[in-house]
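Reading through the structure tokens given below for one structure.
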Amino acid sequence: MSKISESKYKNFKADREKFPKMENGKPVIDLDSHKFTKIWQGPQHPGVTGNMSMEITLNGDEIVDAKTHVGYLHRGFEKLLERRKYIQGFTIVCRICVPEPDTNEYCYSAAVEELSGIEIPEKAKWIRTLNLEMSRIASFLMWIGGQAGSLGMGIIGQWTVSMRDFWLDLFEEISGGRIYHMYIIPGGVRKDLPKGFKDRARNLVTKTRKLLSDVERTFFNNSIIKSRLKGLGIITPEMVDEYGIVGPNARGSGKEYDVRQNTPYLKYNELDLNMLTATGGDAYTRAELRYQEMHQSLDLITQILDKIPEDGDIQAKIPNVINWKIPAGQTYIKAESTRGEHGFYVVSDGSKFPRRVFNRGASYTHAISVLEKLAVNTSISDLAGLMVSLHTCPPEIER
Amino acid sequence: MKQLLNRIKDKIEIEFLKQRDDLYFINVEEKHIIFLLSYLKEQEEFTHLSFLQAVDYNEYNMFQLTYMLYNYETKVNLGIKVIIDREKSEMTSIHKLWPHAWQFQRELHELYGINFPGSPRVNESFVLEGWEEIPPMRRDFDTKKYSEKTFYQRPGRYTKNPKDYMKEKLYKNFVEPPKIRRKDDE
């Protein structure tokens, strides 16, 4: 970076003791004084998958106060699930998150299996693990496009989203659907892997690695990206517990919390994976961490493809699904999505219908209380980049 | 984990249930909840609050609140279940223990009608705007009745018998072919 930008922007610090006036830790905002502007950013954003708006108060181009507003996407899934039979539920849960529906399918199915005491076959577990990792890489590819796009670098998004399409082709092969797969059902998975699938998946892993090396050269070595992302939205280690931060956002601040390793589910304990953490906690660190996690996912996919058994059942025996009564009880199943801990809390009262299904998405805290805190004192032009760097997914918030 | 449960049992009365190796549930009375949560957070390292949610048992006239905590060291999830009265539907706020708990409390206030006095921004709207009915996630809220009352069916939607429809619509102006006169007719 040149000296001008460093002296002009990096070392500039506004004197917050003089203006704006603070009361109870919040700025006093008088819109009639003409010193503030109130605008709405959203509900449409580049990079954020879904609709969510920020009500921001500006002083010049600096954000003084920010509030998240949701409600543009509320489809009432949790209410709908209370009136559906258990087997009807699994076509709904995948719609909670568009870029990564498989985590929802897995958590819901695993909760139903645990409550009804069904053990699924080995091969189904392997295929589920493969499916979850594939959905992680697809979601990450979309995210990095959004992160670059929100800073004005559209080309990365074109590359990675087109590569994501090839992953969606693989999903289409195994499940028949590109976006909503409805593949992981209570009791196992719907279909076996098609012939020649493993080779095609291995080829795609090689292709994706090649693309990622291009992305590294253009995105992570770009001085503009570096200067805009470094120091943006710093999450301190103390904030992690206070705000319930999970996933790469927490690991970027040094917190060792990855559901795949802390409480291994499916076949993750038989795979070779390391906990990736970083210190720094700013947007650039998180981006680098996610980039490493993409490589980790590709690594895991290769390992899983080698280990999937050729023969075996893919579906356990389940009772007649139309009159399927599940014993009373409650459980909480969690899995690691690209955004962090993603869980389903299912309560059964012994009838054919669930009493309560609650979906805990990572964006619930990231997009509301964390974003509102981090957005203050940043420039309005950086807000979109900050939003994507927390990997916000609004459908998880309102369910 | 057993030691922990014994330590809690020394202090207050609880019932516990083991669901999995890494998931336990504790039933506790309403008056002990703040003590238990702060004890678990400060002394026992249950520092991560995953969620706070409600389950409606309208036939027993009660709500069940679930606080899901997580310990990074022992890697155990602990769900704390409290029963509160459905008529009164009021609970102590925990925003002092976990600053992000206000979101869950705001959601519960809007969707279940459970009040958390003193919780920041608890009266703001979350996903609903201008809602005048009973809180929609309560089980006695009838979604079908509400949608029939609020929305109307688009006019012109009725089914037709295809055979009659074809005759009526398509062959209405059908003209019989003129008869060819022959000598024999006369």
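Observations
- Selection over segment B:96-127 of residues that are in a loop (DSSP other than H, G, I, E, B), at the interface with chain A (Cβ under 10 Å from one of its Cβ atoms) and under 18 Å from B:Glu30 (Cα atoms) gives a count of 1.
- Residue within segment A:200-207 that is in contact with a helix residue (DSSP H, G or I) (Cβ under 8 Å, 6 or more places away or on another chain), within 29 Å of A:Ile92 (Cα to Cα) and either at pLDDT 90 or above or not assigned by TED's automatic domain parsing to the domain that holds A:Val161 (or both) present: yes
- The residue that is surrounded by the fewest Cβ atoms within 10 Å (Cβ to Cβ), among those in segment A:238-280 that are away from chain B (no Cβ under 14 Å) and within 17 Å of the chain's Cα centre (by Cα), is A:Leu276.
- Flag if B:Ser50 is among the small types (Gly, Ala, Ser) and out of contact with any strand residue (DSSP E or B) (no Cβ under 9 Å at 6 or more places or on another chain): no
- Selection over segment A:89-115 of residues that are surrounded by fewer than 18 Cβ atoms within 10 Å (Cβ to Cβ) and either on the phi > 0 side of the Ramachandran plot or modelled with pLDDT of 90 or more (or both) gives a count of 0.
- Residue match in segment B:42-53 (condition: closer than 27 Å to A:Met239 by Cα, assigned to a helix (DSSP H, G or I), within 14 Å of chain A (Cβ to nearest Cβ) and over 26 Å from the mean Cα position of the chain (by Cα)): yes
- Looking only at segment A:59-110, and only at residues there that are more than 14 Å from chain B (Cβ to nearest Cβ) and basic (Lys, Arg), the one that is farthest from A:Cys393 (Cα to Cα): A:Lys85
- Of everything in segment A:218-237 that is β-branched (Val, Ile, Thr) and crowded, with 22+ Cβ neighbours inside 10 Å, the residue that is nearest to the other protein chains (Cβ to nearest Cβ) is A:Ile235.
- Complete set of residues in segment A:75-110 that are small (Gly, Ala, Ser) and closer than 16 Å to A:Tyr183 by Cα: A:Gly89, A:Ser109, A:Ala110
- Note on segment A:314-335: residues that are touching a strand residue (DSSP E or B) at 6+ places or on another chain (Cβ under 7 Å) and surrounded by 14 or more Cβ atoms within 10 Å (Cβ to Cβ) amount to 11.
- In segment B:150-179, the residues that are within 30 Å of B:Glu132 (Cα to Cα) never reach a residue that is part of a loop (DSSP other than H, G, I, E, B) and small (Gly, Ala, Ser) with C-beta atoms less than 9 angstrom apart, at least six apart or across chains.
- In segment B:35-59, of all residues being among the aromatic types (Phe, Trp, Tyr) and out of contact with any Leu (no Cβ under 6 Å at 6 or more places or on another chain), the one that is surrounded by the fewest Cβ atoms within 10 Å (Cβ to Cβ) corresponds to B:Phe35.
- Residues satisfying the criterion are absent from segment B:104-123 (criterion: among the basic types (Lys, Arg), surrounded by 10 or more Cβ atoms within 10 Å (Cβ to Cβ) and more than 25 Å from A:Glu78 (Cα to Cα)).
- Filter result for A:Arg209 (in contact (Cβ under 8 Å) with a residue 60 or more places away in the chain, away from chain B (no Cβ under 14 Å) and either in contact with a His (Cβ under 8 Å, 6 or more places away or on another chain) or crowded, with 16+ Cβ neighbours inside 10 Å (or both)): yes
- Some residue of segment A:174-186 being in contact with a Cys (Cβ under 7 Å, 6 or more places away or on another chain) and of a type in the set (Phe, Trp, Tyr): yes
- Residues of segment A:169-183 satisfying the condition of being of a type in the set (A, V, I, L, M) and part of a helix (DSSP H, G or I): A:Leu170, A:Ile174
- Residue in segment B:7-14 that is within 14 Å of chain A (Cβ to nearest Cβ) and aliphatic (A, V, I, L, M) present: no
- Cross-chain or 6+ apart pairs with Cβ under 7 Å, segment A:218-237 first and among the hydroxyl-bearing types (Ser, Thr, Tyr), then outside any loop (DSSP other than H, G, I, E, B) and at pLDDT 90 or above: A:Thr218/A:Ile156
- Residue within segment A:1-15 that is closer than 23 Å to A:Leu151 by Cβ, modelled with pLDDT under 85 and touching a helix residue (DSSP H, G or I) at 6+ places or on another chain (Cβ under 6 Å) present: yes
So that you can scan it fast, the table gives a plain yes or no per residue for (1) within 13 Å of another protein chain (Cβ to nearest Cβ); (2) not charged (D, E, K, R); (3) not in a loop (DSSP other than H, G, I, E, B):
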position: B:Leu17; (1), (2), (3): yes, yes, yes
position: B:Ile26; (1), (2), (3): yes, yes, yes
position: B:Ile34; (1), (2), (3): no, yes, yes
position: B:Leu65; (1), (2), (3): yes, yes, yes
position: B:Thr74; (1), (2), (3): yes, yes, no
position: B:Leu78; (1), (2), (3): yes, yes, yes
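The values are calculated or read from the model by the stated rules, or taken from the named source; none is laboratory data. Everything numeric here is computed off the predicted structure, so don't read it as measured data. Methodologically, a virtual Cβ is constructed for each residue, glycine included, from the backbone with ideal geometry; neighbour enumeration extends over all protein chains shown.
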